[in-house]
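Asker: Structure below; questions to follow.
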Amino acid sequence: MLHQTHFLGNYLAFRNNKHIPEMVVSLIYVGDTASLERIFLQLTTFYDTELEQSAEAMISILEPLLIVIMGIVIGLFLIATYLSLFDFSRVNGL
């Protein structure tokens, strides 16, 4: 009985934590303490894959945006350089 109350206490602690997803809490409730290690390893694999996919999606969105920003910065630098050259040649009468 002590084993069951200890497990139920862990489940209630996880359930009352708003930062832990419901899927994790459900898997903890379904599994017993002997299979918790296997459950946590599966959860780790699941969340690693999900994190990797999210990061790849974010990078694929940010790459074109960064290229456009770099193009704008380089374009502004070139415009500033050419304007100063044209202004210099106009002042010196070249």
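Asker: Restricting attention to the stretch 6-24, does a residue exist that is outside any helix (DSSP H, G or I), touching a helix residue (DSSP H, G or I) at 6+ places or on another chain (Cβ under 7 Å) and either at pLDDT 80 or above or not basic (Lys, Arg) (or both)?
Answerer: Yes - at least one qualifying residue is present in the stretch 6-24.
Asker: Within the stretch 29-59, work out how many residues are part of a helix (DSSP H, G or I), under 19 Å from ARG15 (Cα atoms) and small (Gly, Ala, Ser).
Answerer: Residues that pass the stated criteria total 1.
Asker: With respect to LEU83, is the statement that it is at negative phi and modelled with pLDDT under 95 true?
Answerer: The answer is yes for LEU83.
The values are calculated or read from the model by the stated rules, or taken from the named source; none is laboratory data. All values reported here derive from a predicted model rather than from experimental measurement. Virtual Cβ from ideal backbone geometry, glycine too; neighbours counted across all protein chains shown.
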